[in-house]
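The values are calculated or read from the model by the stated rules, or taken from the named source; none is laboratory data. Small disclaimer: the values here were computed from a predicted structure and weren't measured. Virtual Cβ from ideal backbone geometry, glycine too; neighbours counted across all protein chains shown. Areas reflect the complete protein model, heavy atoms only, side chains present, ligands, DNA and RNA absent. Shrake-Rupley method; radii C 1.70, N 1.55, O 1.52, S 1.80 Å.
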Amino acid sequence: MTLDTATGLDTAAQATAHAWIDEHMDELSAWHSRIWDLAEPAWREYRSAAWYVETLRSYGFEVEEGSAGMPTAFSATWTNDAGSAEDGPVLLTYAEYDAVPGNNQSASTSPAPRDGLSGYAPGHTDPHSALGISTLAGLLATQHAMTTHGIAGTLRYTGEPAEKMHGSKVVHGLRGYYDGVDAIVSFHPFYMLPLCNTARWDTQCGAYYSKVYTFSCDEAETWQLENDPNSPIPASHSAARAPGANAALTTMYTASRAMQDAMLPSVGGWSLSDAILLDGQATADNLPTRVARIQFSWRTPNIEMAEHVLAVLDRNAVHAAAMAHCTMADRWIARSRPGRTNHVLADVLYRNLATVGAPVYDAEAVRVANDIRATLGAEPVERPFLAACEQLIEPQEAERLLREHMPAWQRNWTSDDYVEMTHYAPTVRFYVSRPALEPIPGKGAYPAWVMNALGGIPATIDPTIRTAGKTIAGTFLELLGSPELLAEARAEFDRRTAEEPMPPLLDADFEAPIDLPWPDYSGHGGHRHW
């Protein structure tokens, strides 16, 4: 390839793709605002998924809705044979679009929920809205350049719901949706030094397990049967004295939290999270609670540590059920392996990110940031954004800095379900900074609404979308024109897989837990309630 000194790009196709993104930024920004406003939670992203399906079809993609049995997932494909006898490489990227309950925030410079919704409705925290529109921008820009310059190849794009639960990628993987792919590009908006405007090198995300334990009190009348066998109303007042499912749930919760320090060593960056699912129980009647569910999710550097936590939780659940006169059933939500690195793809990706450059915040973004500072009682400053948000960091340097904060034995850090993709095809994971503000002296950490709002205000989030979209398009086009790079990436993938086999942790027929009582909106059309 020959460097174009005018654009700094290796090919005219890359320049065409970058220009497409610049020309369509207003449209991309509006698309992002649409997904950000929908803010649908895990497994319930019906309108967000429908928007992606409609948009992709309008650009000529063949789209399978409800892929792998998941109603809010999709799989899209577009091929340009360019008159060639061969279809060329197959490249994949993806969208995420689930939001987080309890984080509703308007795209404004003061704390306020979006119109007509409770503050406890979902909101985009990461934001996945920008993740999806960034990858879509890169995808469509690549498609445009392939058509313009006659480049053969196939683009795949998957819709991945419930990322906050590691929900869809393990299912898509088990069903073969990543088979036959030559390279995958995984993106996430992020701000945490040193993983800011860079690609992951050796340290990938670790294991993630998530399970729902359901306690059922279906024979409450037998709780005191031996003491009062002749009670005329054994299913009513006598039954009310049975502990019930809530007692089992709270026993499980308190026992597991009490034992948390004994589950694993306090080092290694592992964590345990929980959520209580509701089955519509809103009446305190004179009866024991019939059903209660609790979800535990844990992140560990490796599978062995995850299995230790699993053993403790499973044991606690059995005994909590027995103590409260309940039966217990458990169900996997996710079970993800640690990720595999690919240096070949990381080098290609970072080369393209360096060509694009880090996000740059213009005068309007600075005004927005200073308006937020004013809301918090701070004076305006010339440079309100963290300096690292507008700086690149090479993957090897990011790796070195990350390792300074980790024990020598720890190979992986934190969690994200892109890791499942890394076991099916060569994959690179990269980050572009989401907007973050310099600390206000003496004020401590910013309230959560600040970063959530910055992720929804066009002036502050659009630079992330522009940078990530161009990076993905440039990377795809370089790989489409470099079969030798794809061969090297595949050789590295095969070598790492042979050196450390890690078979899937769930059965091939595992089905996504879409039927559980996950939080949702109600209402029709433009009218929604939480």
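Residues are listed down the side, and each one gets a yes or a no for (1) among the polar types (S, T, N, Q); (2) within 25 Å of Ala107 (Cβ to Cβ); (3) without any contact (Cβ under 8 Å) to a residue 60 or more places away in the chain; (4) assigned to a helix (DSSP H, G or I):
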position	(1), (2), (3), (4)
Leu136	no, yes, no, yes
Lys164	no, yes, no, yes
Gly167	no, no, no, no
Cys196	no, yes, no, no
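Please go through the range 497-513 and pick out each residue that is open to solvent by less than 50 Å² (accessible area, probe 1.4 Å) and not in a helix (DSSP H, G or I).
Matches in the range 497-513: Met502, Leu505, Leu506, Phe510, Ala512, Pro513.
Out of Asp126, Asp202, which single residue is part of a loop (DSSP other than H, G, I, E, B) and at pLDDT below 95?
Exactly one of Asp126, Asp202 is part of a loop (DSSP other than H, G, I, E, B) and at pLDDT below 95, namely Asp126.
Is it true that Arg57 is modelled with pLDDT of 95 or more, among the basic types (Lys, Arg) and within 25 Å of Ile333 (Cβ to Cβ)?
Criteria not met by Arg57.
Each row is one residue, and each column tells you yes or no for (1) among the aliphatic types (A, V, I, L, M); (2) at pLDDT below 95; (3) farther than 30 Å from Pro301 by Cβ.
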{"position": "Cys326", "(1), (2), (3)": "no, no, yes"}
{"position": "Arg331", "(1), (2), (3)": "no, no, no"}
{"position": "Asn342", "(1), (2), (3)": "no, no, no"}
{"position": "Leu353", "(1), (2), (3)": "yes, no, no"}
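Give the residue that is farthest from Ser129 (Cα to Cα), with candidates limited to residues of the range 428-449 that are touching a Leu at 6+ places or on another chain (Cβ under 7 Å) and open to solvent by less than 10 Å² (accessible area, probe 1.4 Å).
Val428
Take the conditions within 22 Å of the chain's Cα centre (by Cα), among the acidic types (Asp, Glu) and open to solvent by 10 Å² or more (accessible area, probe 1.4 Å) and apply them to Asp462. Does it pass?
Yes, satisfied.
Does the range 477-496 contain at least one residue that is open to solvent by 10 Å² or more (accessible area, probe 1.4 Å) and in contact with a Lys or Arg (Cβ under 6 Å, 6 or more places away or on another chain)?
Yes; the residues of the range 477-496 include at least one that is open to solvent by 10 Å² or more (accessible area, probe 1.4 Å) and in contact with a Lys or Arg (Cβ under 6 Å, 6 or more places away or on another chain).
Need at least 2 residues that are surrounded by fewer than 22 Cβ atoms within 10 Å (Cβ to Cβ) per element, so show me which strands (runs of 3 or more DSSP E) inside the range 54-118 make the cut, counting only ones lying wholly within it.
Fully inside the range 54-118 and qualifying: 62-65, 74-80.
State all residues of the range 329-356 that are part of a strand (DSSP E or B), open to solvent by less than 10 Å² (accessible area, probe 1.4 Å) and not hydrophobic (A, V, I, L, M, F, W, C); if no residue qualifies, say none.
Of the residues in the range 329-356, the ones part of a strand (DSSP E or B) are 329-336.
In the following step, the residues that additionally are open to solvent by less than 10 Å² (accessible area, probe 1.4 Å) were identified as 333-334, 336.
Across the range 329-356, the qualifying residue is only Ser336.
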